[in-house]
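Colleague: Before I ask anything, here is the structure I am working with.
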Amino acid sequence: MHRPSAGTWLLMLFIGLLSLSALWWWPVARDLAAVGTGYGAKALCSAVFISERDSAEVLETDLSDLPGIVTTHVNEGARTVTASVGPVTRTARYREGLGCTLALADIEEMSVERPAVNSDKTRDLMKVPADDPLRLALGPVLETAFSEPVHDWERGTRAIVVLHRGRIVAERYAPGFDADTPLPGWSMAKSVTNALAGIVLKRGKLALDDTVPGWTEAGDGREQVTVQHLLQMTSGLEFGEEHVFPLGDSLRMLFAEPDAAAFVRDLPMGAAPGTRWEYTSGTTNLLMWVLREALEPEADWLAFPREVLFEPLGMHSAVLEPDAYGTFLGSSFMFATARDWARFGQLYLQDGQWDGEQILPEGWVALTRQPAPHAPKGRYGAHFWLNRGDPETGERPWPKLPDDAYAALGYQGQEIVIVPSEELVAVRLGLSRPSEAWDRERFVGGVIELLR
């Protein structure tokens, strides 16, 4: 998740051209333009002002399938990016510590302070020596991970960090990227939402069986949706995760709606809570809103992720981006360096503990790794992907990896793979087109083989 495909943009262009000759197409063309310009402004803004990348290079690579009818402009002084199609214009604004937000409503001028990288709150990740036998042995595995092309596809690996027993045993970056480059995790942000949910529950502000605020009298089943349903993607809400049609729920929620949670709350129910598993980004953004409601007004919400999670772990680069109404888009919008994504994975490998402090509730990682009801092949837990397998057939999503492997996964091959039995955390970030160009089993399996 969550970048529109080339087919999406071709469809958008086709409908847009039709709208020029038929006035009745204007509402549809306007909505298509809103999604396209919203995507272009937001993605370019984050790449320029968070990752500090050259705008021309981003347009040529990451946004290469943005239609030519979409024009963009970067204002370095105001730290904004605008994208336009005819009369439709969208602006994304950067705020320090909060990243980029589409200005679909009034956005408060504020920032969230990030302490210096040499903060004494946490230890640095240790690297094994350059001549360590394991590090040398992993060289060919890294070389394959960065090689191009693969089956005429774009593998697009940009960063890899591998931790074994808490130490960096492999690390490499593509030209133009380095250890200080924050990169998008896309749907890996969902797993960060899992952590924030655990912390809110640990503080006693919420319970797994609490229901969604405001739905008590709904009468259509949504009044029974609990926090656990949201965590396990079994809410029953009717949300279209497809990314082919640009006016589908997912893209519209992220790039054309000022209040993502409100958009999700208005959707109909498609099944009784707990009776159907369906992976959706809307579920995550609704959960994030529930967390916000549980905390306010006691907490400084916009500083909350940094204070309770990022800084205790030393994830100084991490930026979780909110929508125009201030709710973090925990489904998709988070940036961090590869090392900081690795820190997050290490937290789960250490059962929620970091430097002697229990960051996540005791038992939270076990709950996270419990297969969600109705998830095929036991492949999903609580906002993490699993490799548990079908209880009857034993069929697993990643047959070449141990059954205790679990992962935070994101669009175009972003991943944090955690393998407790091997004391391993493997982070890979990149731009794979299609996502299948990145072979998770080959890479992680190759690392495990050498570890053994």
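Colleague: Using 7 Å Cα-to-Cβ label points, what is the Leu450/Ala272 separation (nm, one decimal)?
Modeller: 5.2
Colleague: Would you mind checking the radius of gyration and Dmax of the stretch 134-247 based on alpha-carbon positions, in Å?
Modeller: For the stretch 134-247, the Cα-based Rg and Dmax read 21.1, 62 Å.
Colleague: Calculate the radius of gyration of the Cα atoms of the stretch 397-452 to one decimal place, then report Dmax, the largest Cα-Cα distance, as a whole number, both in Å.
Modeller: Radius of gyration, then largest Cα-Cα span, for the stretch 397-452: 10.9, 32 Å.
Colleague: Right, another one. Before I look further, what does the stretch 352-442 give for accessible area per residue, probe 1.4 Å, in whole square angstrom?
Modeller: Roughly 40 Å² per residue, with all protein chains present.
Colleague: Taking the simple approach of a point 7 Å from Cα along Cα-to-Cβ for both Ile69 and Thr393, what is their distance in nm?
Modeller: With each label point 7 Å from Cα toward Cβ, the separation is 4.4 nm.
Colleague: Considering only protein heavy atoms and a 1.4 Å probe, what is the carbon-and-sulfur percentage of the accessible area of the chain?
Modeller: C and S atoms contribute 50 percent here.
Colleague: Need the full-extension length gain, Asp124 to Ser421, defined as separation in residues times 0.36 nm minus the C-alpha distance. One decimal, nm.
Modeller: 104.5 nm
Colleague: A further question follows. Using C-alpha positions alone, give me the convex hull volume of the stretch 169-317 per residue in cubic angstrom.
Modeller: 161
Colleague: If you don't mind, another one. Take the alpha-carbon positions of the stretch 321-386, form their convex hull, and give its projected area averaged over all directions (one quarter of the hull surface) in nm².
Modeller: 6.1
Colleague: So for the chain, what are the equivalent ellipsoid semi-axes in whole Å, largest first, each being the square root of 5 times an eigenvalue of the Cα gyration tensor?
Modeller: Ellipsoid half-lengths, sorted descending, are 32, 27, 23 Å.
Colleague: Evaluate the charge dipole of the chain about its Cα centre and quote only its size in Debye, nearest 20, assuming +1 on the Cβ of each Lys and Arg and -1 on the Cβ of each Asp and Glu.
Modeller: About 480 debye.
Colleague: Working only with C-alpha atoms, what are the Rg and Dmax values of the stretch 182-252, expressed in angstrom?
Modeller: 14.7, 45
Colleague: What are the ³J(HN,Hα) values, in whole Hz, obtained from phi via the Karplus relation 6.51 cos²θ - 1.76 cosθ + 1.60 with θ = phi - 60°, for each residue of the stretch 352-365 in sequence order, with x given for Gly and Pro?
Modeller: x, 9, 8, 6, x, 9, 8, 6, 9, x, 4, x, 5, 5
Colleague: Okay, next question. If each of Lys400 and Ala56 carries a label point 7 Å out from its Cα toward its Cβ, how far apart are those two points in nm?
Modeller: 4.0
Colleague: When the Cα atoms of the stretch 150-193 are enclosed in a convex hull and the volume is divided per residue, what value in Å³ results?
Modeller: 134
Colleague: Students often get this wrong, so check it: of Lys42/Lys202; Lys42/Lys190; Lys127/Lys400, which have C-alpha atoms separated by over 30 Å?
Modeller: Violating the 30 Å limit, Cα to Cα: Lys42/Lys202.
Colleague: May I ask you to list, by number, the DSSP H helices of the chain whose Cα span along the axis is at least 18 Å and whose average Kyte-Doolittle hydropathy reaches 1.6 or more?
Modeller: In the chain, the long hydrophobic H runs are 6-21.
The values are calculated or read from the model by the stated rules, or taken from the named source; none is laboratory data. These numbers were taken from a predicted model, which means no experiment stands behind them. Reconstructed Cβ throughout: ideal geometry from the backbone, glycine too, with neighbour counts over all protein chains shown. Accessible surface areas use protein heavy atoms only, side chains included; no ligands, DNA or RNA. Shrake-Rupley method; radii C 1.70, N 1.55, O 1.52, S 1.80 Å.
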